[in-house]
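Enquirer: Quick one: structure below, then a few questions.
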Amino acid sequence: MRAIVCERFGGPEAVALRENWPEPEAGPGEVKVKIAARAVQYVDVLMVAGKYQFRPEPEFVPGGEAAGEIVALGEGVTGFKIGDQVMSRHTPGAFAEFGVSPAAETVLVPDGLSMEQAACFRSAYATAYHALVQRANIQSGETLVVLGAAGGIGLAAIQVGKALGANVIAVASSEVKRKACIEAGADDAVDYGSPTDGNPGRFREMVKKRTGGKGADVIWDPLGGWAFDEATRCLNWGARILILGFLAGAPALAKTNHLLIKGASAVGVRLGGLTDFQPEIAAANMTALCDMASAGKLNPMVSTVLPLADAAKALQMLIDREAIGKVVLT
């Protein structure tokens, strides 16, 4: 089969298209999927670089999330049939024409989603739902501030937050990105502030202004570093900061006095931990998300669709932060 292969650790130049890569077969408890679309995620960038917590050795096929059609069932698999349209999980292996997915982590495509949307639905929306429901316990009417809001996971947070009744303020770096956030459902969109005036974290002032001085109830932070520090300065009483990553370059050194004064919490979010330690909650979350998608409450934004052969270009787009919403390979 055709597949994108990581030949060595490095940047996007480390991946190449192979025409005769071995085709996988479904083992016990697995389904084999003819893949129609594959999400490109920052996890893939890290895995190709050899910097992710799970570190497969080259040569390997990247890609953890896809959508396609079941073409074979492994021993013991029930609940699926040949021809079912599904969202599949790969560890890794999605950047190929065929892949295998554990049946327990395979889900029927919700009504109304295209294959491209289904390919990038699971991890982004499952992360958003777990973060906002189990970790933040967000309540209807609370104010949610989403940093890094124009990325695929940020847009998912906006939509899930709105579906749960929150007032959403998106923070994004350009007018085009802020427009996308409004289109995704955000009530307001602001910038970070101007780095040239020595105040790149001025978003805290805008958040306070838009909340009548109270500040945010929940802050979604995939950035870390300076952004976390600024986030602690615009908290309402009892607020929760959700820690999702460190795209700003490094983990923050929290000023815990800010948390103390506001009675606030800094809460880690790791979807893999939920799947490992509380799989029944993870499964219930996915059922709820599929119901929300079928009801038209969730609409994954796919900004770029590229052919499988352009995987290196797709990875570079994520590195350069050019993508608004999700990048998908077909």
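Enquirer: Tell me the mean residue ellipticity at 222 nm calculated for the chain from its helices only (DSSP H runs of n ≥ 4, each -39500 (n - 2.57), averaged over every residue, nearest 500).
Expert: The per-residue figure over the chain is -8000 deg cm²/dmol.
Enquirer: Can I ask one more? Could you give the Stokes-Einstein D for the range 268-330 in µm² per second, using the C-alpha Kirkwood radius, 20 °C, 1.002 mPa s?
Expert: Translational D for this selection: 151 µm²/s.
Enquirer: Still on this structure, please answer the following. Taking 0.36 nm per residue of sequence separation and subtracting the Cα-Cα distance, how much length would be gained by fully extending the chain between Ala104 and Ser265, in nm to one decimal?
Expert: Extra length available between Ala104 and Ser265 comes to 54.6 nm.
Enquirer: Another question, then. Calculate, in whole percent, how much of the Cα-Cα pair population of the range 85-197 lies beyond 25 Å.
Expert: 33
Enquirer: Ranked by Cβ crowding within 10 angstrom, fewest neighbours first, how are Thr143, Thr78 ordered?
Expert: Ascending number of Cβ neighbours within 10 Å: Thr78, Thr143.
Enquirer: Nearest 0.05, what FRET efficiency do Phe80 and Ser173 give at R0 = 51 Å with Cβ-Cβ as r?
Expert: E between Phe80 and Ser173, to the nearest 0.05, is 0.75.
Enquirer: Continuing with the same structure: State which entries of Lys179/Lys255; Lys214/Lys326; Lys208/Lys313; Lys162/Lys326; Lys209/Lys262 exceed 29 angstrom in Cα-Cα distance in the structure shown.
Expert: In this structure, Lys179/Lys255; Lys214/Lys326; Lys208/Lys313 lie more than 29 Å apart at Cα.
Enquirer: In nm, give the distance between the simple-model label positions of Glu19 and Arg55, each being 7 Å from the Cα along the Cα-to-Cβ direction.
Expert: Result for the modelled spin labels: 3.5 nm.
Enquirer: Translational D (Stokes-Einstein, µm²/s) of the chain at 4 °C and 1.567 mPa s when Rh comes from the Kirkwood sum over C-alpha pairs?
Expert: 64
Enquirer: Can you work out the PRE-style zone for Arg8? Point 7 Å along Cα to Cβ, and I want the residues of the range 57-87 with backbone N under 13 Å.
Expert: 58-59
Enquirer: Would you kindly state how much longer the chain becomes between Ala295 and Lys214 on full extension, computed as 0.36 nm times their sequence separation minus their alpha carbon distance, in nm to one decimal?
Expert: Using 0.36 nm per residue and subtracting the Cα-Cα distance, I get 25.8 nm.
Enquirer: Report relative contact order for the range 190-284 in percent, whole number only (criteria: Cα-Cα under 8 Å, sequence separation at least 6).
Expert: Computed over the range 190-284, the figure is 22 percent.
Enquirer: How large is log10 I(q)/I(0) at q = 0.16, 0.17 Å⁻¹ when the Debye formula is applied to the Cα atoms of the range 17-129, each weighted equally and without solvent?
Expert: One equal scatterer on each Cα of the range 17-129 leads to -0.70, -0.79.
Enquirer: Assuming 0.36 nm per residue, please report the length gained on full extension of the stretch Glu183 to Ile319 beyond their Cα-Cα distance.
Expert: 46.6 nm
Enquirer: Could I ask something else about it? Between Gln278 and Leu306, what is the label-point separation in nm under the 7 Å Cα-to-beta-carbon projection?
Expert: Taking the simple label geometry, Leu306 and Gln278 are separated by 3.7 nm.
Enquirer: Here's a follow-up. Cα to Cα, under 15 Å, and not fewer than 8 places away if on the same chain: which aspartates and glutamates meet these conditions relative to Lys297?
Expert: By straight Cα distance, Lys297 reaches Asp111, Glu183.
Enquirer: Also, quick follow-up: Given the range 124-272, report the % of alpha carbon pairs whose separation exceeds 19 Å.
Expert: 45
Enquirer: Can you say what percent of the DSSP beta bridges in the chain, counting only those with both residues inside, are antiparallel? Round to 5.
Expert: Taking every DSSP beta bridge with both residues in the chain, the antiparallel ones total about 55 percent.
FYI, it's all coordinate maths here, none of it is from the lab. Everything quoted here is computed from the prediction, not taken from an experiment. Every residue, glycine as well, gets a Cβ built from its backbone with ideal geometry; the counts of neighbours run over all protein chains shown.
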